[in-house]
Amino acid sequence: MSDLNELLSMHGGNGTVPGAVAVVARGDDLELAVAGSVDIEGTAPMARDTIFRIASLTKQLTAAGVMLLLEDGRIGLDDPIGKWLPELAEPKVVRTPSSPADDVVPAVRPITVEHLLSSRAGWGFPSDFTLPAVGLIFDVQKSGLDPQAVDPPDAWLAALSRVPLVYQPGEGWLYNICSDLQGVLISRVTGQPLPDFLAERLFEPLGMADTGFEVPAGKLGRFTSLYRTAPDGGGLVVADAPDGQWSSRPAFPSGAGGLVSTADDWLRFARMLLAGGIHEGRRVLSTESVRQMTTDHLTQAQRDIGELFLDGQGWGYGASVDLAPTRPWNEPGRYGWTGGSGTAGYVSPASGTISLLLTQVAMDSPVPPPVMRDFWTYVGRGGS
């Protein structure tokens, strides 16, 4: 692929995405491509400042919020979360991951803050969705693309407390729920709603003016529609309109996937990480916090449990970490993740590269769609 604009136009032309914004930054060299429209009707062209649902890219920002509380000394990595989330102070665990959901034993250790950050608390999604306890999780953990359908945090937490852990705390990597628990933890520790804390401590210092858990009325004209692939594979159907679920703050602001943002907003966050926590001469995160976020914390056995999601990668705090150059786009130390709304954002410290792709077509499986794989290949080959 000779050009980033050509890449986006190709996928727009074959009908897989109505539009997209892509950024590849290497130091001061910024390559930006904008293609297509904010909806399939073509009512407005895609733009650099178009607002997208970033879905699971939220996880990195939520983890950064927890790191700020660690830096403040308000929590510690080894602190049991039961101090702030008493509903989860004495969890039960299925005897083995494949045991019936009512065959439980007490947890052998408390769930800690570190377990939440590394996604090893014991709740979440493994590669095998048929495990009995995982079926119960689906009753509590709703789709991150339906934020208005989720109960308020206290009710959600009470429901989760009745679901047994799939693994003992610290022993298995499981996807997604730990990031929502991080968001609830932030709110309980600070006494602030998660959106207010992240705005005050992260978004405002970084100048992320368009990032939040809702889109104000005055910005709806810059907000995309969200699409899913039709069940019969015959094109795209609307999953959410601009004046839909993100037009008001949800009862449960999801730390796992509830944010909207723009290319430039996320670029500010990524550049801060590459700079070791500094943004425009001001320290936002400590160098140690950035190091911990971008370092793999898993054993090989724990990676194997989540192979469907991790695909050979490790996990830092809030996102994956590349361990080996197994594909054209993998670079050891590359930190980032994909979002179920069709987004992907990565930071590669070794090469100083930031790569971001924003689309508005929801993924229908953990396997990245062709537009993502082509984009990553383009980045991995240095844009040639």
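What to note about this one:
- For Thr229, net neighbour charge (Lys/Arg +1, Asp/Glu -1) across residues whose Cβ lies under 15 Å away: -2
- Rounded, prolate or oblate (a/c below 1.5 giving rounded, otherwise prolate when a/b exceeds b/c) for the stretch 1-142 by Cα gyration tensor: prolate
- The chain - accessible surface per residue (Å², probe 1.4 Å): 37
- Pairs of Cα atoms nearer than 8 Å and 6+ residues apart set the relative contact order; for the chain it is 23 percent.
- Value of relative contact order over the stretch 111-174, rounded to a whole percent, pairs C-alpha under 8 Å and six or more apart: 60
- Nearest-10 value in Å² for the accessible area of Glu6, using the 1.4 Å probe: 90
- Rounded to whole Hz, the Karplus (6.51, -1.76, 1.60) HN-Hα couplings of the stretch 82-97, x for glycine and proline: x, 4, 10, 10, x, 4, 10, 6, 9, x, 9, 10, 4, 4, 9, x
- Descending by average beta-carbon neighbour count within 10 Å, the peptides 94-105, 313-324, 191-202 line up as 313-324, 191-202, 94-105, the highest first.
- The H on the amide N of Gly212, modeled in the peptide plane, is under 5 Å from the matching H of Val260, each at least 5 residues off or on a different chain.
- Max mean-square fluctuation residue, GNM over the chain, Cα-Cα springs under 10 Å, options Thr112, Thr295, Thr43: Thr43
- Distant-in-sequence amide H partners of His279 (H built 1.01 Å from N, under 5 Å): Val284
- For Trp315, the amide hydrogen comes within under 5 Å of the amide hydrogens of His297, Leu298, Val321, counting only partners 5 or more places away or on other chains and with H modelled in the peptide plane.
- Net charge over other residues, Cβ less than 12 angstrom from the Cβ of Gly339 (K, R count +1; D, E count -1): +2
- The phi torsions of the stretch 194-199, fed into the Karplus equation with coefficients 6.51, -1.76 and 1.60 and a -60° offset, translate into couplings of 3, x, 5, 5, 5, 5 Hz, rounded to whole numbers, with Gly and Pro shown as x.
- Counting protein heavy atoms only, the chain has 51 percent of its accessible area on carbon and sulfur, 1.4 angstrom probe.
- Residues in the stretch 315-329 carry Karplus couplings, in order, of 9, x, 10, x, 6, 7, 10, 5, 10, 8, x, 7, 9, x, 9 Hz; the curve used is 6.51 cos²θ - 1.76 cosθ + 1.60 with θ = phi - 60°, and Gly or Pro positions show x.
- Listed peptides 151-163, 337-349 by packing density, highest first (mean Cβ within 10 Å): 337-349, 151-163
The values are calculated or read from the model by the stated rules, or taken from the named source; none is laboratory data. Predicted, not measured: the structure shown is a model, and the values here were computed from it. So basically every Cβ, Gly included, is an ideal-geometry build from the backbone, and we count neighbours across all protein chains shown. Remember, those area values only see protein heavy atoms, side chains included, never the ligands or the DNA or RNA. Shrake-Rupley method; radii C 1.70, N 1.55, O 1.52, S 1.80 Å.
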